[in-house]
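These notes concern the structure reproduced below.
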Amino acid sequence: MKMRILSTLLAVLFMGIGPVRGQKPPDKPFFPVKGDVDLSSNFCEPRPGHFHGGIDIRTGGVEGREVFAPADGYIWRLKYSFIGYGKGLYLKDLHGNIYVFGHLSALAERFEKIVRDYQYKNQIYSFDLFFEPDSLPVKKGELVAFSGQTGYGAPHIHFEVRNKNNLPLNPLTNGFDLPDKYRPRLEGLGLIYLDSSSLFPDGERRIYPTLVFDKIRKQYTSEKPVVVRGAFGIMVKVVDRLRENGPRLNIHKAELYIDDQLYYEAVYDRYDYAQTGQVDLCFDYPLLVRDNEFWHLLFIPEGGNFEGARSPRASGGIYGVDLDNSHGLHRARAEFSDAVGNKAVLNFQFIWLPSGNIYRTVWFNDSTCYFEKDRDDANLDIRRVTFWELPPQGPWRTLDSSRVSIMPNGDYRLLIPGYKERPRAIKCRLRGESGWSSDDALSILDDRPLTRAELNYDLQAGGLKLEATANRRAASPPMVEIQYEDGFVSRRVMELTDADNFSLFIKADKIKSKITRVRLLDALTQDVLQILSPDIHYAGAQSPGTFAIARENLNIDFTGKDFYAPVYLEIKTEEQGFPDKSSLVGRVYSVGPETVPLADGLNVRIESLRGNDPQVGLYRLNSKGKWTWMEPQRDSGGITTRSRLVGTFALLEDLEPPLIKNIQPGQGATISKTMPEISCRVNDNLSGVDFDGSMTITLDGRWLIPEYDPETEILKTLPPEKLAPGKHDLEIMVTDRCGNNRKTQISFTVGAGINKKK
């Protein structure tokens, strides 16, 4: 047998070209498990920064399910690691296709012996071995491994199909089909504004229409047409299942049609590892990171180039950008299919209105005004116009019809109550034949200047969202003045979104400079109501050169290629609410918003005179509120790391060695088994221990193979051979990434007269 260790890159370069998308292997492969098959995850589901490359086969929460060779071939690769796939087996068939199995507990005996011999010879747990075609042949249906829980996740089998070029294929459409009589289920519909400023009536950039299921037509629809006024995209929350109330799985295909024209199509049949980060653009990233919800985007956002997604439209499926997009009522239809063709259908209507108002308000005197048609509404199915007033107290209400007259030219005349009954504001509401409604031509009657208002901001959707609350109802909308580092100053009037709330959105795509000051002004008097001094930086996609932003001891370096689209980034110093506060070395910094996906990564550096101190590391706070170690580059002036995510960073000092607890067999124990499992629990609070060489187990001075699960924190091993009766000395030493180590020594006894026991 000849073994050689190659880099993954070298192996890929010498492979042939794989089959075309969706093509099945020439021979029907054997499903790798016997009996019923249930999945917990499907192909191309989103994971942090990458697509899920295969399917996850459930094992009922236990280990040891038999795994069989799908085809004739040979063991091409064996890779073991404490993290990721854990114990992984790669089988290559006679046609060059590759089958991957992850999270295994053990291999079939003839392969297991090869692994153990290699680990004992080199005294390592982790390895990556490649084998020649004639080294480890296997037959179709041959037992090759057993399921487990190594690496990440609960007990299951991770199974992948890859083509000759080592590119992942969807197993369910490439020879490993499963019975499935359940169509996908639609759980949500969303519309997202993608232009530079549009807001929905509630002041947000997103709206989630209520869905209903038509049992007769067996399709989903919205309760009424959705009103939009700017360029927008559609997203859906849709899941598939193999059985009633089964695990939620990804679909296979999504299609969007508007007025019976194809606008977008995504097929999850394969992907290139170079495109795996595109998962952040196929699914809605903010909802993914905040709520762990999988919403499919039915358009190609800026920076997207996933080969499974396409659009025949120049806009990439965004409505309101193409020249043939027209105002009026439109029909949208979306179809979602699983791997066997079961289909769910969504049909809904939307009315695309002009960005401005249909009517404008013209005042004749203090008590009489006219609502004049300001735009052509020939394509709008307006059935009725009603008028509303906002009284000094209480919600909006319809204006008394006796005060409304329609003029011969189609305009409306309104008589406005005076004195104590005078409303704060008036507006008209348009209603369409198809059931839609939209407010129009808002007029504020209170012309007193604002004296107090509170301004807040939030970075979202690649822009700056501003909200203000006034000290009285329906005041004239205030103005926001934004000053940029290059000296440019812009002013924008906010929109009234509630009786006393105002909103404004500014997209990071036009002014490519840092925002240094935000002032809230009364639009009538120009009086300053509030001043904010944020630390908001522009980060432009595909911009040439390298950029650096800093705050106190934090420095962030990036290029334009590190971002998919232009965004605003803000750096803050945080004061409280962090774990391990006593271990902090200096300030805690947040780089956000967390809803910004990165095309590559950022260089994060924190200056410190303790940069070369091995017990000080740079950490990022994860979604579970725990500090995670970042691989450092050290120098006397600080620590630098490369991060694929924005977030919260800090330097922490790790002085505590790992804990070793619950050792089995225990100190002084007498046992009957000659092949006992030796185990303990290993915990390290900060820098961690899940790397090769961090754990050493010796029995009677002989090195044993350490198997560690970083999720359960269980470290275990087996003796290489049966133990003789008598006393045995066990030593366990664990070292964390900062060099802190702990050694524990115990003795146990194998009882006499048990030579026949196992």
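Can you tell which of Arg413, Arg452, Arg472, Arg424 is of a type in the set (D, E, K, R), modelled with pLDDT under 90 and over 30 Å from Phe350 (Cβ atoms)?
Arg472
The residue of the stretch 293-310 that is farthest from Ala565 (Cα to Cα), among those that are part of a loop (DSSP other than H, G, I, E, B) and open to solvent by less than 20 Å² (accessible area, probe 1.4 Å), is Gly308.
For the stretch 30-51, the criterion of being out of contact with any Ser or Thr (no Cβ under 9 Å at 6 or more places or on another chain), at pLDDT below 95 and of a type in the set (Gly, Ala, Ser) is satisfied by at least one residue. When the criteria are applied in full, Thr368 fails the requirement of being among the hydroxyl-bearing types (Ser, Thr, Tyr) and open to solvent by 20 Å² or more (accessible area, probe 1.4 Å). Within the stretch 391-414, the set of residues being of a type in the set (A, V, I, L, M, F, W, C), in a strand (DSSP E or B) and out of contact with any Leu (no Cβ under 9 Å at 6 or more places or on another chain) comprises just one member, Ile406.
Results for (1) in contact with a Phe, Trp or Tyr (Cβ under 8 Å, 6 or more places away or on another chain); (2) outside any loop (DSSP other than H, G, I, E, B); (3) open to solvent by less than 80 Å² (accessible area, probe 1.4 Å), shown as yes or no for each residue.
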{"site": "Glu721", "(1), (2), (3)": "no, no, no"}
{"site": "Ala724", "(1), (2), (3)": "no, no, yes"}
{"site": "Lys727", "(1), (2), (3)": "yes, yes, no"}
{"site": "Gln745", "(1), (2), (3)": "no, yes, no"}
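In the stretch 159-192, the qualifying residues are those that are of a type in the set (Phe, Trp, Tyr) and open to solvent by less than 10 Å² (accessible area, probe 1.4 Å), and the one that is nearest to Ala461 (Cα to Cα) is Phe159. Looking only at residues in the stretch 519-540 that are without any contact (Cβ under 8 Å) to a residue 24 or more places away in the chain and part of a strand (DSSP E or B), the one that is most open to solvent (accessible area, probe 1.4 Å) is Ile531. Being open to solvent by 70 Å² or more (accessible area, probe 1.4 Å), in contact (Cβ under 8 Å) with a residue 40 or more places away in the chain and over 30 Å from Arg429 (Cβ atoms) holds for only one residue in Arg290, Arg313, and it is Arg290.
Considering the stretch 585-674, the qualifying strands (runs of 3 or more DSSP E), each wholly inside and each with 3 or more residues that are under 22 Å from Ala550 (Cβ atoms), run over 588-592, 602-607, 616-621, 633-635, 638-643, 647-653. Look at the stretch 232-248 and say how many of its residues are within 30 Å of Arg313 (Cβ to Cβ), open to solvent by 10 Å² or more (accessible area, probe 1.4 Å) and not basic (Lys, Arg). Selection size over the stretch 232-248: 1.
Let's see how each residue does on (1) of a type in the set (Phe, Trp, Tyr); (2) open to solvent by 20 Å² or more (accessible area, probe 1.4 Å); (3) within 32 Å of the chain's Cα centre (by Cα):
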{"residue": "Ala468", "(1), (2), (3)": "no, no, yes"}
{"residue": "Asn471", "(1), (2), (3)": "no, yes, no"}
{"residue": "Met479", "(1), (2), (3)": "no, yes, no"}
{"residue": "Gln483", "(1), (2), (3)": "no, yes, no"}
{"residue": "Gly487", "(1), (2), (3)": "no, yes, no"}
{"residue": "Phe505", "(1), (2), (3)": "yes, no, yes"}
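Scanning the stretch 317-373 for residues that are within 30 Å of Asp177 (Cα to Cα), in contact (Cβ under 8 Å) with a residue 40 or more places away in the chain and not polar (S, T, N, Q) yields Arg333, Ala334, Glu335, Phe336, Asp338, Ala339, Val340, Lys343, Ala344, Val345, Leu346. For the residues Lys218, Lys237, Lys140, the requirement of being modelled with pLDDT under 95 and touching a strand residue (DSSP E or B) at 6+ places or on another chain (Cβ under 9 Å) singles out Lys218.
Looking only at the stretch 316-331, count every residue that is in a strand (DSSP E or B), within 19 Å of Ser355 (Cβ to Cβ) and open to solvent by 30 Å² or more (accessible area, probe 1.4 Å) and tell me the total.
As a first pass, look at the stretch 316-331 and keep what is in a strand (DSSP E or B): 319, 328-331.
Still in the running and within 19 Å of Ser355 (Cβ to Cβ): 319, 328-330.
Imposing the further condition that a residue be open to solvent by 30 Å² or more (accessible area, probe 1.4 Å) reduces the set to 329.
Residues meeting the conditions: 1.
The lone criterion from (1) of a type outside the set (Val, Ile, Thr); (2) open to solvent by 50 Å² or more (accessible area, probe 1.4 Å); (3) more than 15 Å from Leu191 (Cα to Cα); (4) touching a strand residue (DSSP E or B) at 6+ places or on another chain (Cβ under 6 Å) left unmet by Gln261 is number (4).
Phe200 satisfies every condition listed in (1) free of Cβ contacts under 8 Å to residues at least 40 places away in the same chain; (2) open to solvent by less than 10 Å² (accessible area, probe 1.4 Å); (3) in a strand (DSSP E or B) except (3). Looking across the stretch 103-158 at every residue that is under 35 Å from the mean Cα position of the chain (by Cα) and open to solvent by 50 Å² or more (accessible area, probe 1.4 Å), the one that is farthest from Leu715 (Cα to Cα) is identified as Phe146.
Results for (1) under 27 Å from the mean Cα position of the chain (by Cα); (2) free of Cβ contacts under 8 Å to residues at least 60 places away in the same chain; (3) closer than 20 Å to Val585 by Cα, shown as yes or no for each residue.
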| residue | (1), (2), (3) |
| --- | --- |
| Leu645 | yes, no, no |
| Thr648 | yes, no, yes |
| Leu659 | no, no, no |
| Gly666 | no, no, no |
| Ser672 | no, no, no |
| Asp690 | yes, no, no |
| Ser694 | no, yes, no |
| Arg702 | no, yes, no |
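Table: residues versus (1) farther than 30 Å from Ser443 by Cβ; (2) under 19 Å from the mean Cα position of the chain (by Cα); (3) of a type in the set (S, T, N, Q).
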| position | (1), (2), (3) |
| --- | --- |
| Tyr285 | yes, yes, no |
| His327 | no, no, no |
| Ala332 | yes, no, no |
| Val362 | no, no, no |
| Thr368 | no, no, yes |
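Residues are listed down the side, and each one gets a yes or a no for (1) touching a residue at least 12 places away in the same chain (Cβ under 8 Å); (2) within 15 Å of Val33 (Cα to Cα); (3) not in a loop (DSSP other than H, G, I, E, B):
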| position | (1), (2), (3) |
| --- | --- |
| Phe159 | yes, yes, yes |
| Gly175 | yes, yes, no |
| Leu186 | yes, no, yes |
| Leu191 | yes, no, yes |
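One residue stands out in the stretch 572-595 among those that are without any contact (Cβ under 8 Å) to a residue 60 or more places away in the chain and touching a strand residue (DSSP E or B) at 6+ places or on another chain (Cβ under 7 Å): the one that is most open to solvent (accessible area, probe 1.4 Å), namely Lys572. Would you mind stating whether Thr516 is outside any loop (DSSP other than H, G, I, E, B) and open to solvent by 10 Å² or more (accessible area, probe 1.4 Å)? Criteria met by Thr516. All conditions but one from (1) farther than 25 Å from Pro579 by Cα; (2) of a type outside the set (Phe, Trp, Tyr); (3) under 30 Å from the mean Cα position of the chain (by Cα); (4) buried (at least 19 other Cβ atoms within 10 Å of the Cβ) apply to Leu715; the one that does not is (3). Please work out if Lys716 is modelled with pLDDT of 95 or more, of a type in the set (D, E, K, R), assigned to a strand (DSSP E or B) and under 18 Å from Ile124 (Cα atoms). Considered against the rule, which asks whether it is modelled with pLDDT of 95 or more, of a type in the set (D, E, K, R), assigned to a strand (DSSP E or B) and under 18 Å from Ile124 (Cα atoms), Lys716 comes out as yes.
The values are calculated or read from the model by the stated rules, or taken from the named source; none is laboratory data. All values derive from a computational prediction rather than experimental measurement. Glycine gets a Cβ as well: all are built from the backbone with ideal geometry, and neighbour counts include every protein chain shown. All accessible areas refer to the heavy atoms of the entire protein, side chains included, with ligands and DNA or RNA removed. Shrake-Rupley method; radii C 1.70, N 1.55, O 1.52, S 1.80 Å.
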